[in-house]
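A short worksheet on the structure shown next.
The values are calculated or read from the model by the stated rules, or taken from the named source; none is laboratory data. Please read these numbers as outputs of a predicted model, since none were measured by experiment. FYI the Cβ positions are ideal-geometry reconstructions off the backbone, even for glycines, and counts take in every protein chain you see. Heavy atoms of the whole protein, side chains included, go into the accessibility calculation; ligands, DNA and RNA do not. Shrake-Rupley method; radii C 1.70, N 1.55, O 1.52, S 1.80 Å.
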Amino acid sequence: MSDIIQLLPDHVANQIAAGEVVQRPASVVKELLENAIDAGATNIKLLLKDAGKTLIQVIDDGKGMSATDARMSFERHATSKIQKAEDLFNLCTKGFRGEALASIAAISHVELKTKQENEELGTCLKIEGSKIVAQDFISTSKGTSMAVKNLFYNIPARRNFLKSDTVETRHIIDEFQRVALAHPTISFLLHHNNNEVYHLKGSNLRKRIVAIFGIKMNEKLVPINEQTDIVTINGFIAKPEFSKRKRGEQFFFVNDRFIKSSYLNHAVVNAFDGLLEQGSHPSYFLYLQVPTNSIDINIHPTKTEIKFDNEKALYAMLRATVKHSLGQYNVAPVLDFNRDASLDTSYHSNKNASTTSTPKIHVDPDFNPFKETTQKEISYPYRKEQNTQSWESLYTSVAISDEEKQEELFEHQQEIKTQKTFQIQRKYLMSSIKSGVVLINQTLAHQRILYEEFLESITVKEANSQQLLFPVKISFSSQEIEMIYTMKSELENAGFSFDEFTKDSVTIKGIPVSVIESKITIILEELLNDINFEVPDASFSHFDVMAKSFAKTLSIKTGTQLSVKEQEGLVHDLFSCKDPSVSPFGKATFKTLTLNEIDHLFKS
Ligand code: ADP
Ligand code: MG
């Protein structure tokens, strides 16, 4: 038998290797930004087209490459950063594998322009699918420009697998933020489709954090500084009252490299012990410097996880440091977030006990315990159009006994007689149906109703919009503005109308009819949150996330009292839904209890 084993041609090997290094445009961004930093750049520009699918270009003012190095840099395992295996244990550069450029060049069209400081001319190199198609001398400024076009052009399966532009942009911005936060003294510029998203001037860490996350961040930051033999810890934590309901602004950097570590995260969360509302997450930006030989970066191909020698000591140190800073900045006593401020007695007042006045009883002369609602705002607005499904056949009117006739003594006897629904603990609605009773969760039911309404308006027919008397200007970080901008047309279908987009604000002149003005900011903030953190990789449709997010934010909550009319409206609308039985998040909206089941309860 003849021999059958062959070596794979280089371009095939590179394409296979590329699969590991380059998952999406954001991976290219990370590699190119890191190369620019390793080259000693002080100004780095990132230019994107179509979420990086059409173009990712990084321009730096670093040390550049010679003509020979420019060609060499695209060879697999070609690196200037390590020479021998031992160097792996003393890394102070981001890169060291020498496979990023080879991988990227295997699956895209690359144009490299580079020049070293003292050279007259630079080099321009064009590569398509690992093949050098042109090389010229050019005049260019010192540094390197690497343009990566048409990523995955030769791997359609990979290209089709990419998510929407919003999601891919989100991943890119994540990488960009991590690199920019790790290097606050370097200037960064990010343009997407010729719009400026970030212009970060070289500064200090606090200013960099504020420049990325918005001015609101400034007052939230508590500094952290600790130096010991095994680790130096710097950075900031956000005061506990600003903790987020979604995991978001949590950054660890070890020796200027962003890392993920659930172990260290645990240490920080633990230090916040008792200070966080349940289910909320602290924000932090923590920078650990450890001796290069005490970590192993090599355990993860994309290098966001590392292994520490002194993991346990590090944990203890980090926890103690964060705890100490929380105490020092006097944030520790803020324990009860929901407490009623009027119940607070200042210690001060005890000194003037004589001036304390007797408590007065306030009587509301209009108070009527039988009034159905005390809410000023209508808590459940009726739908404009009602579907005409005969949900009412579910119901029979409640027979009124003689005893109940005595209720005529009360003002609202008319309503009590025909009332089909009751609210329990401002949380559930109960109603009698032919077969027994139905219990409805008011929040989940309303989510279902709003979800279907929004989904329809976003996808099928435009929603009615109400024009605001005075347009509202809302501040967001530039990255958030970028995201809102990419969703503009869907938001318009949902009933929003926009006036002006600036780098860090948006002016809104119209909102969906089901939205009240005071909620605009929270709705948009929640939407960004949901898009960012809830569905990063799920098969993704904007419409669906948007409708879910709005439904969640706008739904009536537990604790909202509903008038009989509102209760009936809600029940009617729920059973007019296409899928009334589950909330948009898959929870049951109602449960029924049949007469048999009720009878059973009484058998014993
Ligand atoms: P690594 O970063 O792991 O060394 P890469 O494939 O990313 O591998 O890069 C290969 C080499 O190309 C680098 O070691 C470096 O010498 C050179 N290089 C890449 N990008 C730049 C740049 N922006 N400026 C100067 N040199 C660069
Ligand atoms: Mg590299």
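Which number in (1) closer than 19 Å to Arg319 by Cβ; (2) free of Cβ contacts under 8 Å to residues at least 60 places away in the same chain marks the one condition that Ile237 misses?
(2)
Return yes when Asn493 is within 30 Å of Phe590 (Cβ to Cβ) and open to solvent by 50 Å² or more (accessible area, probe 1.4 Å) and no when it is not.
Spelling it out, it is not the case that Asn493 is within 30 Å of Phe590 (Cβ to Cβ) and open to solvent by 50 Å² or more (accessible area, probe 1.4 Å).
Out of the residues in segment 85-99 meeting the condition of being open to solvent by less than 50 Å² (accessible area, probe 1.4 Å) and not hydroxyl-bearing (Ser, Thr, Tyr), tell me which one is nearest to ligand 1 (Cβ to nearest atom).
Gly95
Being more than 12 Å from ligand 2 (Cβ to nearest atom), aromatic (Phe, Trp, Tyr) and more than 17 Å from Ile173 (Cα to Cα) is true for just one of Phe74, Phe89. Which residue is that? Let's see the steps before the verdict.
Numbers: Phe74 fails: more than 12 Å from ligand 2 (Cβ to nearest atom).
Going through Phe74, Phe89 in turn, just one is more than 12 Å from ligand 2 (Cβ to nearest atom), aromatic (Phe, Trp, Tyr) and more than 17 Å from Ile173 (Cα to Cα): Phe89.
Of all residues in segment 66-84, which are under 25 Å from Glu120 (Cα atoms) and either exposed (fewer than 15 other Cβ atoms within 10 Å of the Cβ) or among the hydroxyl-bearing types (Ser, Thr, Tyr) (or both)?
Once the filter is applied, which keeps residues that are under 25 Å from Glu120 (Cα atoms) and either exposed (fewer than 15 other Cβ atoms within 10 Å of the Cβ) or among the hydroxyl-bearing types (Ser, Thr, Tyr) (or both), segment 66-84 yields Ser66, Thr68, Asp69, Ser73, Thr79, Ser80.
With respect to Val58, determine if the residue is buried (at least 17 other Cβ atoms within 10 Å of the Cβ), touching a residue at least 24 places away in the same chain (Cβ under 8 Å) and near ligand 1 (Cβ under 8 Å from one of its atoms).
yes
Working carefully through the options Ala147, Ala102, find the one that is in contact (Cβ under 8 Å) with a residue 60 or more places away in the chain, in contact with a Lys or Arg (Cβ under 9 Å, 6 or more places away or on another chain), in a strand (DSSP E or B) and surrounded by 18 or more Cβ atoms within 10 Å (Cβ to Cβ).
Among Ala147, Ala102, only Ala147 is in contact (Cβ under 8 Å) with a residue 60 or more places away in the chain, in contact with a Lys or Arg (Cβ under 9 Å, 6 or more places away or on another chain), in a strand (DSSP E or B) and surrounded by 18 or more Cβ atoms within 10 Å (Cβ to Cβ).
Hey, any hits in segment 30-43 for a residue that's aliphatic (A, V, I, L, M), within 29 Å of Leu162 (Cβ to Cβ), away from ligand 2 (no atom under 14 Å from the Cβ) and surrounded by 15 or more Cβ atoms within 10 Å (Cβ to Cβ)?
No - not one qualifying residue is present in segment 30-43.
Just need a number here: residues in segment 3-15 that are within 16 Å of ligand 1 (Cβ to nearest atom) and open to solvent by 70 Å² or more (accessible area, probe 1.4 Å).
Adding up the residues that qualify gives 2.
Does segment 209-231 contain any residue that is of a type in the set (Ser, Thr, Tyr) and surrounded by 18 or more Cβ atoms within 10 Å (Cβ to Cβ)?
Checked against the condition, which is being of a type in the set (Ser, Thr, Tyr) and surrounded by 18 or more Cβ atoms within 10 Å (Cβ to Cβ), segment 209-231 yields no hits at all.
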